[in-house]
1. Out of residues 5 or more away from C:I296 or on other chains, whose amide H comes under 5 Å of its own, with H placed 1.01 Å from N in the peptide plane?
2. In whole Å, what are the Cα extents of the range A:182-347 along the three principal axes, biggest one first?
3. Per residue, how much accessible area does the range A:182-347 have with a 1.4 Å probe, in Å²?
4. May I ask which residue of D:P353, D:Q216, D:P167 lies farthest towards the positive end of the charge dipole of chain D, with charges of +1 (Lys, Arg) and -1 (Asp, Glu) on Cβ and the Cα centre as origin?
5. Which whole-number percent is the relative contact order of the range B:188-347 (Cα, under 8 Å, 6+ apart)?
6. Relative contact order, percent, of chain B when contacts are C-alpha pairs under 8 Å separated by at least 6 residues?
7. Pick from C:M290, C:M118, C:M356: which residue has the top mean-square fluctuation in a GNM of chain C where Cα pairs under 10 Å get a spring?
8. Which of D:C153, D:C306, D:C374 ends up with the largest GNM mean-square fluctuation for chain D, with Cα atoms connected below 10 Å?
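The values are calculated or read from the model by the stated rules, or taken from the named source; none is laboratory data. Worth saying up front: this structure is predicted, and the values here are computed from it rather than measured. Because the Cβ atoms are built from the backbone with ideal geometry, glycine has one as well, and the counts that use them run over all protein chains shown. These area figures cover heavy atoms from the full protein model, side chains too; ligands, DNA and RNA do not enter into them. Shrake-Rupley method; radii C 1.70, N 1.55, O 1.52, S 1.80 Å.
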Protein chains: 4
Amino acid sequence: MKRKICVVVTARPSYARIKTALAAIRDHPDLELQLVVAASALLDRYGAAVKVMEAEGFRIDRKVYMIVEGENLVTSAKSTGIGMAELATVFNDLQPDVVVTVADRYETIATSVAAAYMNIPLAHVQGGEVTGSIDEKTRHANTKLADIHLVCCESARIRVEKLGERPESIFLTGCPSIDLAREALEEKRDVAEIVTRYSGVGAGVDVREPYVVVMQHPVTTEYDDSYRNTAETIEAIEAAGVPALWFWPNVDAGSDGTSKAIRVAREHGRLRQVHFYRNMHPADFLAVLMHSRGIIGNSSVALRECAYLGVPAVNIGSRQRGRDRGRNVRDVDYGRDAIAAAIRDVWSATERPVDMIYGDGHAGKRIADVLATCPLTIDKMLTY
Amino acid sequence: MKRKICVVVTARPSYARIKTALAAIRDHPDLELQLVVAASALLDRYGAAVKVMEAEGFRIDRKVYMIVEGENLVTSAKSTGIGMAELATVFNDLQPDVVVTVADRYETIATSVAAAYMNIPLAHVQGGEVTGSIDEKTRHANTKLADIHLVCCESARIRVEKLGERPESIFLTGCPSIDLAREALEEKRDVAEIVTRYSGVGAGVDVREPYVVVMQHPVTTEYDDSYRNTAETIEAIEAAGVPALWFWPNVDAGSDGTSKAIRVAREHGRLRQVHFYRNMHPADFLAVLMHSRGIIGNSSVALRECAYLGVPAVNIGSRQRGRDRGRNVRDVDYGRDAIAAAIRDVWSATERPVDMIYGDGHAGKRIADVLATCPLTIDKMLTY
Amino acid sequence: MKRKICVVVTARPSYARIKTALAAIRDHPDLELQLVVAASALLDRYGAAVKVMEAEGFRIDRKVYMIVEGENLVTSAKSTGIGMAELATVFNDLQPDVVVTVADRYETIATSVAAAYMNIPLAHVQGGEVTGSIDEKTRHANTKLADIHLVCCESARIRVEKLGERPESIFLTGCPSIDLAREALEEKRDVAEIVTRYSGVGAGVDVREPYVVVMQHPVTTEYDDSYRNTAETIEAIEAAGVPALWFWPNVDAGSDGTSKAIRVAREHGRLRQVHFYRNMHPADFLAVLMHSRGIIGNSSVALRECAYLGVPAVNIGSRQRGRDRGRNVRDVDYGRDAIAAAIRDVWSATERPVDMIYGDGHAGKRIADVLATCPLTIDKMLTY
Amino acid sequence: MKRKICVVVTARPSYARIKTALAAIRDHPDLELQLVVAASALLDRYGAAVKVMEAEGFRIDRKVYMIVEGENLVTSAKSTGIGMAELATVFNDLQPDVVVTVADRYETIATSVAAAYMNIPLAHVQGGEVTGSIDEKTRHANTKLADIHLVCCESARIRVEKLGERPESIFLTGCPSIDLAREALEEKRDVAEIVTRYSGVGAGVDVREPYVVVMQHPVTTEYDDSYRNTAETIEAIEAAGVPALWFWPNVDAGSDGTSKAIRVAREHGRLRQVHFYRNMHPADFLAVLMHSRGIIGNSSVALRECAYLGVPAVNIGSRQRGRDRGRNVRDVDYGRDAIAAAIRDVWSATERPVDMIYGDGHAGKRIADVLATCPLTIDKMLTY
């Protein structure tokens, strides 16, 4: 009997972080993959990860619409509750041997609670990291609900153990997103060709010339500041005068603040050297990133993939607070002057140091092996 | 401006564990109590705590029906999700300054997630304890979602700190349930009069003669065993031949197994010295308990209130595993012979040692004082 | 390509009313049956129709837990909403060509709305009848949402047409419950043997001697009266002094009033000639019914199956108001004296007239044939 | 005791259709208004009716987020179910004497079912009309759930009566939207000033010169056609070569098809004489409309307000099929040529005939009077 491994993917970035593990589970002789796509991963305006997944050959077992639209934080909680109720029905139908929840987006706790309450062993990928914001609470709550911990870096392994989890339930696998970075490095794709396949809006940016990449997410617990923070980044990019490819934020309370700042700037004739994309296939995105002078914003990509790839990064504000970072990262606060200065540093950087702190590029295979062989139990207690 | 403290009570036993704190919050000059009653606390067949609360003078601000009926674990998860979606609306209406979630029943995480995701500071009462079963996961996940920790005993305080919470956010208040035990001790009520006010079913038991109290809850992660475990306890009581007052279990996946074992036994003419109650006012229950020869089963009352009151206890099976206990407790496994032997020990015990490990009887007041004065923040990170 | 026919069964009595159609759909060469079991049909305390269905060889495609527990009408609405959200996901998974909703219980509108809003042709069984109470509103709303109408009697056909539905979308099939009555008539089973297979509670009733059957449902819009109405029936049975087999009511707001009246009566030593059953296999129930002196209460069985079988009936109160009835029915109000007098009449009746107003016993087959051949469209307008 | 009238507003256009009734209820000496805002009426991207309502002095009693985001019809059903569950809680809190549901958008049935199942008398505004599409089913199902019918025109009154409703429960009040048209006629506002207060996107249109208004909604049961139909309208406008103010569609399954057609056209450099608005205050919109050469699309505004105002209309496709219309309307199919020809007709029209078929401009007051005095009952049966 193959073990049935049910993975719930809830967002475009989560897919990138689990993709090689999905393939490795699907292809493992002792495992059967059950793939549930939910939340913003189903929605066009957040990049419709589901379509990418289908295009890449994954068969979707269930789709769960759960995002309640709204303009404040109340809908994050409601969406999570609705997803939990629905996922319970899904797990009851699919009867998995293990459920896998990925990282720390708010809606991931729906997966964790549903599995835990149904006595299904829960594996959590990417626990033990620290970032601040609501993700911090979600991530560690996921850890306390999980039975199997698949962590990305040594500092995360130590933290999960300190959180009272049994050492034998913690596996240092590295992060599957680094697997994609490894593949991207090996592939050496043509960025000029890639960008012709995406429309987006805004100015034309010639990617044969130097450019930067921008990814700035709203910081949930600073809801009212989303608009202002984005505006500072916009001003810094204008001041630095560098061409940029800006990738649109994912769904989150506060995302409207971010969107609005961009819209307002564009309507006032700013950002004339910036092209906006809603989404790109991860492999394409990594090629664009590798080829860039650096990444600006607060995405974890700057710390993780870019550490492995050696891409310089300007990391703005508190969102990545406490997360391990390599020598590629320059941390700055929200002010436009500091951001602009850091952008100029990155632009003219001559060295691109590489750090393997988040994995060696073979995490997906390692995760599948753990799931095929680890003991399955739902009974645990604090180790202290 | 008074701080608005929103307490969500989801079950009859939770009410007993928070009642003196509710009164202290309501009566505190700097606090305003917002009382939400939800889940089984609204349901007649689980003792309708809501009616007791109203009778005791509490004004209910909102009622949230959320228990989905069913015969397996899937409905625990669904109920939690539905409660989460509803509580988000409630918190959005009431706009509290602090939300309080009580202990570790599965549905309490609905309160915790909704408050955390809405950036409302969350206070958790009774964190840091250990028990095994699904409560264990829920409790520590509540801790990771909470900003303020109101713990009952020193070992709990240490565990919450080890879980990476900031020491200044942890307050050792003792357990409000012990406050009720203190009041019961002071009141010295007449048990023979008390029982005339409750009907129940089963044999008449003369409480002027010695008797024991029975409370046995299903153990969620051992769903299929509920019937069998209860049957063992039934046989043990028959074998010991002692009159007993049996208090009906609360709602939980598996409760039907427990109920059925009792029903089958009664239909076969067993349990002729046992009277069954669905519920009793906590003060009445404590008087009945103090007056008894001992308590049989797996209720935490046996470890907490009974430690303070010095009531001997037979604690069966794994449900209270790892929880601090005083000298009043005899632990036994599920076998009928061991249980019967322990009942006989308790029945003839000559000493009733008292331990204050769960509080000195003034926890409610202490909790209100903490909530009135502690800093309110929603931003936290692991301390390591 | 076979047409995929998705039938949603939400309660024990609904199963009896659709069973022969389920079998005929499953066995039809041009149809594929998709069977969804939901609501109280999943719950032990309402007879767990799902277990009967599985025992009778039906494969269940999906189970939907949706009943929110509570003590007032608010939970009927909440249960319906939750069921609607879940059924949408189920229909999205199963992609049926037709959805079938059965009769008029409150939760059936969840099926109707979900199918209609997803542009799936909706067939409604048992529209066009009149009864009063909330069922009345639900039934006609179902008709307005449905595209195909499978009605039981000529007066129903006329009413659906008057409601503005196109004549070519209305099919007079008779009621599948009468198919079971026909089978029961042909089988001639031994009632004395049947009752040995059900335990129930209460007095032993010797079914080789004369007896009556009792089925009394709460009347939703008279919530507060449930207790009182049941008490009147109890007094009438006591006054008539007849042995009775009482079948427990199905889930509904107000069912607790009914249950409580019975419990109170039994605790006061009444109903010593009454045996209570929670449920019986429909075929067994029909045999018990045929063999009885008559049926007492407000069940539609008294009007439908009993018309075909010629079983005398005392129909109490407003629940069946306006529904077609044969010569077997005596209508009375809630007063104990009138009920008792009618029971005595029934007890001593010498004639048992038969009326085929609800069908000739071949409705299931006819329904399957309609579903296999009728045009499928979702576009309709009032005919006036 | 004032009667408590709870009105649920779920969308921007519904607000326009009930606004004068809201004010009249609020100001009526025997009534108390309870205002619930739900669904897309809370969402910025559908015009945030809630902000307009607050700005116009209405106090909101409850907000219900219920729209589940998605790209297909399944989310319409899910949103309705979630709204139903939430509205049950709201009605339980507010304890209204009457609930008012407005018109026929899909989510309105959530209000109707919740009220009906909770035994609260339900008033339905704008029943008895015919349109085709899913609105048709929703509208008549609302009628069957409602106890009080407040209809807009004589043909609607007759249809509701034919649907089996008691004549004494049907009140011909006219449509409150016509009240606003009357006010707009009396106010004679300056359109050139009005448009300066809205940004929108697209070309500048000089409203001192002739222009048309465009409003085209997706037709739910023709989901896949939304993109194509909108594209035809776009081509027709290009062909006619007239300046246009285009008002963005409301939330609905399929709205993405409409949005996309517009986006694609703009990215290809079309629609250079068109300015797009997401929303306008109803009074401003009516002034813009009165001042225009005509309205193009499939909005009911073209039939209702424009009949009263005498504004010529090109009504495209099936969405308004069967609805009463005045002499101002030209009906055309989806083809670009027919639409363009009709636009040219409208553009050069010399007469603007007025018809009062949908009311005389005093409906709001009349509705409040009915709600203050009509008998309140929840018990009804078909009249045939």
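1. For C:I296, whose amide H was placed from the backbone, the distant partners under 5 Å are C:V213, C:V214, C:M215, C:V314.
2. The principal-axis extents, from largest down, are 42, 36, 29 Å.
3. On the way: 6400 Å² over 166 residues.
Here the per-residue accessible area is 39 Å².
4. D:Q216
5. Contact order relative to length: 27 percent.
6. Once normalised by length, the contact order is 18 percent.
7. C:M118
8. Top of the fluctuation ranking is D:C374.
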